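FYI, it's all coordinate maths here, none of it is from the lab. Quantities reported herein were computed from a predicted structural model and do not represent experimental measurements. Here the Cβ positions follow ideal geometry from the backbone for every residue, glycine too, while neighbour counts run over all protein chains shown.
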Amino acid sequence: IPVDAFDLVIFGGTGDLARRKILPGLYRRFWAGQMPDEARIIGAARTDQDVAAFRTMVAEAIAEFVSERKRDADCIKRFLDCIDYVTLDARGEAGWKELKSKCRANTVQAFYFSVGPGLFGDIAERLRSFKIARQDARIVVEKPFGRDLATAKELNRELSANFDESQIYRIDHYLGKETVQNLMAVRFGNVLFEPLWNAQYVDHVQITVAETVGVGGRGAYYDKSGAMRDMVQNHLMQLLCLTAMEPPAKFDPDAVRDEKLKVIRALDPVEADDIVRGQYREGAEPGYLQDVENPDSRTESFIALKCHISNWRWKGTPFYLRTGKRMAARMSEIVVHFKPTPHSIFGEEAGTKANVLSIRLQPDEGIDLSVTIKEPGPGGMRLMDVPLDMSFAEALGEEAADMPDAYERLIMDVMRGNQTLFMRGDEVEAAWAWTDPLIEAWTRRGSKPCSYAQGSTGPEEAMMLMHKDRRRWRELE
Ligand code: BG6
């Protein structure tokens, strides 16, 4: 279903995110017939260039980041006709009047702040003082949304001085991933899981986001953040919330976000012994310290931790989170380990098994439930696990291959005015309020991250975090 005509202004329109994700994503939606010909995308950046030069940049981004199948010359031409550009100074006066003259009156109006958070306040203020943003304008902002509670509050203050919360769309691209939304469908669209989804039946939950890439060219940013700020405070926290939240009464933005917020607020502080931080060593590729060009860095490229949610549903069920760079495989999954049956009628020699539900976010998105059956053959009653495996690619065929990526979906949600998959200000602040004391504690202690080999599952100590609870991390594959 096409969205209504819109004017989308992308501040930072010549930047990396716009080139890699936002513009190719918009093109794919155009190709799919969801973005109408009447829509306008206005790049706004400091680079002094004309519309033709910006269109060339957009065409190059499409050539690089859109699959060949979708690169149809006529479609690209029509898409480029929707593109405009203004040279603009975010901190000065230049360009703003021209931007105002380009914005139309009767379309959906959205402003994408694809710039560093240091510019959020300046841009928000000018959108208002130059009377560019209408009352119903939508503001899209990217992570990092602050680096601690104080800076997040400041950003929220700068935005809310100019816009209402109902206008602000804070992106966490994990919420736009197909399987992340599927997690809600699985939990709340089936009668099968929800009765068992609590501490009485769930032994523990593991959430893993492992990457094979290193910090690449982002060393300067990354070394000031680390895995806790870069991944846990936002992406893993969102996955945790969707896994643990109570069923909202409706799939509506505030109902969903209220429930997520309650989970964050119910998180206990994490004990120092329950956190393992790591840095990848030099190996086939340069090590973390070389990548960030800081031999004394104590920033973590890996973190594993155990946390508890103190509420009726989850008291006593630990949630283990881990994420890291340069690990053995690129794999993100949420795994719910159920408890074994209370009593085995088959006796000890049959073995004890427990059901495991894994929701794979990437790669090979899908859901896999291990079910206990009898080992085939005449050898008596011995139990074994078999997977009930649903790979989306297999189950959905072509449809799965055509699934929009996270950015495409989220941008279309902005145009539809649906905030469900965006973070609310209080949610972001609550996440920092939980994260800050953990970071402060290890900084105060001056603790150093443990080192780990490239292509491994992280430091040994992370294995121990599980072993001491007589549990094991899932294999990375
Ligand atoms: C970003 C982080 O938000 O997410 C990166 O800043 C990380 O460090 C990326 O690599 C992971 O996203 P995805 O979609 O590739 O899992």
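If you take the alpha carbon atoms of region 340-453 and fit the smallest convex hull around them, that volume is 276 Å³ per residue.
Just check region 295-339 against the gyration tensor rule for me: Cα atoms, a ≥ b ≥ c as the square roots of the eigenvalues, rounded for a/c under 1.5, and otherwise prolate or oblate depending on whether a/b exceeds b/c. Here region 295-339 falls in the oblate category. Placing a pseudo-label 7 Å from each Cα along the Cα-to-Cβ vector at residue 298 and residue 389 gives an inter-label distance of 4.5 nm. Is the C-alpha gyration tensor of region 210-267 telling us rounded, prolate or oblate? Criteria: a/c under 1.5 is rounded; beyond that, a/b larger than b/c is prolate, otherwise oblate. Note, shape of region 210-267 comes out prolate.
Computed over region 289-389, relative contact order equals 17 percent, with contacts defined as Cα pairs under 8 Å that lie 6+ residues apart. Per-residue packing, averaged as other Cβ atoms within 10 Å, sorts the ranges 190-197, 433-440, 409-416 into the order 409-416, 433-440, 190-197, beginning with the highest. 3J(HN,Hα) along region 91-99: 9, x, 9, 5, x, 5, 5, 5, 4 Hz, from the Karplus curve 6.51 cos²θ - 1.76 cosθ + 1.60 with θ = phi - 60°, whole Hz, x for Gly and Pro. Charges on Cβ only, +1 for Lys and Arg, -1 for Asp and Glu, centred on the Cα centroid of the chain; of 457, 110, 66, which one is farthest towards the dipole's positive end? Selected residue: 110.
Straight-line reach from residue 177: taking Cα to Cα under 19 Å and skipping same-chain neighbours fewer than 8 places apart, the lysines in range are 21, 143, 260. Since only 263, 31, 13 are under comparison, the one whose Cα sits farthest along the positive direction of the charge dipole of the chain, derived from C-beta charges on Lys, Arg, Asp and Glu, is 263.
Note on region 129-177: Cα-only Rg and Dmax are 12.0, 36 Å.
Selection among 137, 346, 369 by position relative to the dipole of the chain gives 137 as farthest towards the positive end (Cβ unit charges, Cα centre).
Two-decimal Rg/Rh of the chain from alpha-carbon positions, Kirkwood Rh? Rg/Rh: 0.99.
Sorted on the mean count of surrounding Cβ atoms within 10 Å across their residues, most packed first, peptides 230-239, 373-382 read 230-239, 373-382.
Packing order of peptides 470-477, 119-126, 296-303, highest average first: 296-303, 119-126, 470-477 (average count of other Cβ atoms within 10 Å over each peptide's residues). Let me know the shape class of region 156-230, please: from the alpha-carbon gyration tensor, a ≥ b ≥ c as square roots of the eigenvalues, rounded when a/c is under 1.5, otherwise prolate if a/b is greater than b/c, or oblate. Judged from the Cα gyration tensor, region 156-230 comes out oblate (a/c at least 1.5, b/c at or above a/b). Residues whose amide H comes within less than 5 Å of that of residue 280, counting only those at least five positions distant or on another chain, are 288, 301, 452 (H built at 1.01 Å from N in the peptide plane).
Placing +1 on the Cβ of every Lys and Arg and -1 on the Cβ of every Asp and Glu, with no other charges, gives the chain a dipole of roughly 640 debye about its Cα centre.
From its DSSP helices (H runs of at least four residues, each -39,500 (n - 2.57)), the chain gives a residue-normalised ellipticity at 222 nm of -9500 deg cm²/dmol. Lysine pairs in region 296-442 whose alpha-carbon atoms fall under 17 angstrom of each other, counting only those eight or more residues apart or on distinct chains, come to 4. Annotation for region 1-88: chymotrypsin sites (Phe, Trp or Tyr not before Pro) lying in DSSP loop with at most 11 further Cβ atoms inside 10 Å of their Cβ do not exist.
The value for region 89-242 of Rg(Cα) / (2.2 N^0.38 Å) is 1.32.
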